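Peer 1: Pasting a structure here, questions to come.
The values are calculated or read from the model by the stated rules, or taken from the named source; none is laboratory data. Model, not experiment: these values are computed from the prediction. We place every Cβ from the backbone using ideal geometry, glycine too, and count neighbours over all the protein chains shown.
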Amino acid sequence: MDKELKKGTRIYYNGDMANEEGLGTITKRATDKFGDYVYIKMDDGRDINRLPVAAFSEKYLGHGGTRFVTEEAYKLFRQEAVDRITEELEERKGYSGNEIDDALVPKYAIQPLRTAVLVRFARGEIDVKELARKELESRGLDENGHRL
């Protein structure tokens with residue numbers, strides 16, 4: 001990480017309660033007996049002076065624990081987030097037309113179940129297929145959801 005932080009490197013600052021987030025560029029790098037520092041010119045005109053290189057994280061995690069990262073790390077985080085959302089939406093598509101209804105997506109439908117029940121399902125102690133067949137039958141439906 002340290003080697004990536006040279007003059008001209010684009011950075012992302014996550015901000016905090018008193019300072020707005022934003023992008024900037026490292027304008028200078030310095031070293032003294034106390035360590036390595038960078039000077040940053042934010043795109044909105046702010047200056048961040050004498051920021052210890054140790055304040056930078058290699059990976060952006062999307063929270064206050066990773067305040068300074070390279071712009072590349074920030075963009076990677078954002079792209080991964082977009083990819084996850086796109087994947088989730090694709091998974092949900094088709095369960096209820098174009099609407100999103102978590103109750104119809106199998107992996108979300110079992111989330112409300114108690115852990116003890118899930119453990120018994122996982123161990124094979126409860127026959128999930130038989131349980132589903134009985135529930136369908138109680139609703140007057142066959143395995144295909146058609147009226148009996």
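Peer 1: Give the residues of the range 25-46 that are farther than 16 Å from THR9 by Cβ and within 31 Å of the chain's Cα centre (by Cα), sorted by residue number.
Peer 2: ASP44, GLY45, ARG46
Peer 1: Still on this structure, I have one more. Which condition number does TYR74 fail, the rest of (1) in contact with a strand residue (DSSP E or B) (Cβ under 7 Å, 6 or more places away or on another chain); (2) more than 30 Å from LYS107 (Cα to Cα) being met?
Peer 2: (2)
Peer 1: In addition: Can you pull out the residues in the range 22-57 that are of a type in the set (A, V, I, L, M), surrounded by fewer than 17 Cβ atoms within 10 Å (Cβ to Cβ) and more than 14 Å from THR70 (Cβ to Cβ)?
Peer 2: ALA30, ALA54
Peer 1: Answer yes if at least one residue in the range 41-59 is in contact (Cβ under 8 Å) with a residue 60 or more places away in the chain and either out of contact with any Pro (no Cβ under 8 Å at 6 or more places or on another chain) or outside the structural domain of LYS107 (by TED's automatic domain parsing) (or both), and no otherwise.
Peer 2: Residues of the range 41-59 in contact (Cβ under 8 Å) with a residue 60 or more places away in the chain: none.
No, that holds for no residue.
Peer 1: Take GLU91 and tell me if it is within 24 Å of the chain's Cα centre (by Cα), at pLDDT 95 or above and more than 16 Å from GLY15 (Cα to Cα). Step through it out loud before you land on a result.
Peer 2: On the way: within 24 Å of the chain's Cα centre (by Cα): yes; at pLDDT 95 or above: no; more than 16 Å from GLY15 (Cα to Cα): yes.
In short, no.
Peer 1: Further question on the same structure: Give me the pairs, please: first residue somewhere in the range 135-148 and without any contact (Cβ under 8 Å) to a residue 24 or more places away in the chain and surrounded by 10 or more Cβ atoms within 10 Å (Cβ to Cβ), second residue anywhere and outside any helix (DSSP H, G or I) and of a type outside the set (S, T, N, Q), beta-carbon distance under 7 Å, and either six or more positions apart or on two chains.
Peer 2: Going by the 7 Å Cβ cut-off, the qualifying pairs are LEU136/ASP142; LEU136/GLU143; LEU141/ARG147; LEU141/LEU148; ASP142/LEU148.
Peer 1: Only residues that are more than 20 Å from GLU72 (Cβ to Cβ) and either touching a Pro at 6+ places or on another chain (Cβ under 8 Å) or touching a residue at least 40 places away in the same chain (Cβ under 8 Å) (or both): list them for the range 1-40, please.
Peer 2: Of everything in the range 1-40, those that are more than 20 Å from GLU72 (Cβ to Cβ) and either touching a Pro at 6+ places or on another chain (Cβ under 8 Å) or touching a residue at least 40 places away in the same chain (Cβ under 8 Å) (or both) turn out to be ASP16, GLY35, TYR37.
Peer 1: Quick one: in the range 11-21, which of the residues that are in contact with a strand residue (DSSP E or B) (Cβ under 7 Å, 6 or more places away or on another chain) and surrounded by 15 or more Cβ atoms within 10 Å (Cβ to Cβ) is nearest to GLY64 (Cα to Cα)?
Peer 2: Among those residues, the one meeting the criterion is TYR13.
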